[in-house]
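Note sheet for the following structure.
The values are calculated or read from the model by the stated rules, or taken from the named source; none is laboratory data. Worth saying up front: this structure is predicted, and the values here are computed from it rather than measured. Positions of Cβ are generated from backbone atoms using ideal geometry, with glycine treated the same way; all protein chains shown enter the neighbour counts. For the accessible areas, the whole protein counts, side chains as well, though only heavy atoms, and no ligand, DNA or RNA atoms are used. Shrake-Rupley method; radii C 1.70, N 1.55, O 1.52, S 1.80 Å.
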Amino acid sequence: ETGVTQSPTHLIKTRGQQVTLRCSSQSGHNTVSWYQQALGQGPQFIFQYYREEENGRGNFPPRFSGLQFPNYSSELNVNALELDDSALYLCASSLSGRATDTQYFGPGTRLTVL
Amino acid sequence: GIQVEQSPPDLILQEGANSTLRCNFSDSVNNLQWFHQNPWGQLINLFYIPSGTKQNGRLSATTVATERYSLLYISSSQTTDSGVYFCAAKTGANNLFFGTGTRLTVIP
């Protein structure tokens with residue numbers, strides 16, 4: 001059974017640029033959630049995708065957008081990067097969209113915005 | 001959303017010592033998970049425990065849902081236990097709300 005994978009592991013961008021982060025869910029899981037973790041903080045929920053539809057969104061601006069593909073992998077896109085977007089971005093997959101499902105996290109993508 | 005508070009924020013232990021980490025939450029929960037974040041940032045699942053008690057080796061966890069808290073016990077700590085421990089909870093929503101973590105340092 002393959003776990004959650006993310007790419008790339010590290011990324012450096014400059015202010016104003018756009019970035020795409022990728023996540024492959026664990027085998028058999030159809031739900032992907034994205035979180036942002038700033039230094040010294042707990043992860044903050046960005047949004048969740050369930051069967052290719054957005055299924056909940058946290059307090060993040062519209063320049064944070066996402067996609068989920070038919071194989072349930074997912075992308076997080078961030079436009080017009082700001083310095084405060086520097087963080088660890090974590091993807092989690094779960095078996096379905098039920099609130100009681102366990103979420104399993106990938107290793108994360110560390111984004112630095114200069 | 002639900003408020004999750006963890007204590008203590010920092011903990012330094014001698015190898016072999018035992019410890020208890022606490023997580024308080026502000027509402028009833030249908031999902032509560034404990035994680036260990038390693039130095040590379042990976043969140044490792046420790047327990048899914050919205051209520052009751054579970055044990056896994058040297059680790060155990062108890063959630064008292066009616067009193068809105070959960071405890072993580074680490075016995076006979078080892079240097080590899082070092083890292084940040086997070087508690088995260090859901091209350092009907094689809095996202096986990098995380099606490100600010102407990103940073104554990106185990107010294108040899």
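Things to note:
- Any hit, region B:75-90, residues being of a type in the set (Phe, Trp, Tyr) and open to solvent by 60 Å² or more (accessible area, probe 1.4 Å): no
- A:Phe47 being within 14 Å of chain B (Cβ to nearest Cβ) and part of a loop (DSSP other than H, G, I, E, B): no
Residues are listed down the side, and each one gets a yes or a no for (1) under 11 Å from B:Val29 (Cα atoms); (2) touching a Ser or Thr at 6+ places or on another chain (Cβ under 7 Å); (3) modelled with pLDDT under 95:
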site: B:Ile49; (1), (2), (3): yes, yes, no
site: B:Gln55; (1), (2), (3): no, no, no
site: B:Tyr69; (1), (2), (3): yes, no, no
site: B:Tyr85; (1), (2), (3): no, yes, no
site: B:Ala88; (1), (2), (3): yes, no, no
site: B:Ala93; (1), (2), (3): yes, no, yes
site: B:Thr105; (1), (2), (3): no, yes, no
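- Region B:15-54, residues that are of a type in the set (A, V, I, L, M, F, W, C), within 14 Å of another protein chain (Cβ to nearest Cβ) and open to solvent by 20 Å² or more (accessible area, probe 1.4 Å): B:Val29, B:Trp40, B:Ile44, B:Leu46
- Residues that are aliphatic (A, V, I, L, M) and more than 16 Å from B:Asn18 (Cβ to Cβ), drawn from region B:50-90: B:Val64, B:Ala65, B:Val84, B:Ala88, B:Ala89
- Which numbered condition A:Leu88 fails, given (1) open to solvent by 50 Å² or more (accessible area, probe 1.4 Å); (2) free of Cβ contacts under 8 Å to residues at least 60 places away in the same chain; (3) within 12 Å of chain B (Cβ to nearest Cβ); (4) assigned to a strand (DSSP E or B): (1)
- None of B:Tyr85, B:Tyr69 is among the aromatic types (Phe, Trp, Tyr), over 20 Å from A:Ala38 (Cβ atoms) and in contact (Cβ under 8 Å) with a residue 40 or more places away in the chain except B:Tyr69.
- Enumerated strands (runs of 3 or more DSSP E) restricted to chain B, each holding at least 3 residues that are farther than 26 Å from A:Asn59 by Cβ and not hydroxyl-bearing (Ser, Thr, Tyr): B:10-14, B:43-48, B:52-56, B:59-64, B:69-74, B:102-107
- Of all residues making up region A:15-71, the number that are in contact (Cβ under 8 Å) with a residue 24 or more places away in the chain and among the basic types (Lys, Arg): 3
- Pairs where the first residue, in region A:96-114, is in contact (Cβ under 8 Å) with a residue 12 or more places away in the chain and of a type in the set (Asp, Glu) and the second is open to solvent by less than 20 Å² (accessible area, probe 1.4 Å) and part of a strand (DSSP E or B), C-beta under 6 Å, 6+ apart: A:Asp101/A:Ser94
- Residues in region A:91-114 that are among the polar types (S, T, N, Q) and assigned to a loop (DSSP other than H, G, I, E, B) were compared, and the one that is nearest to A:Tyr50 (Cα to Cα) is A:Ser96.
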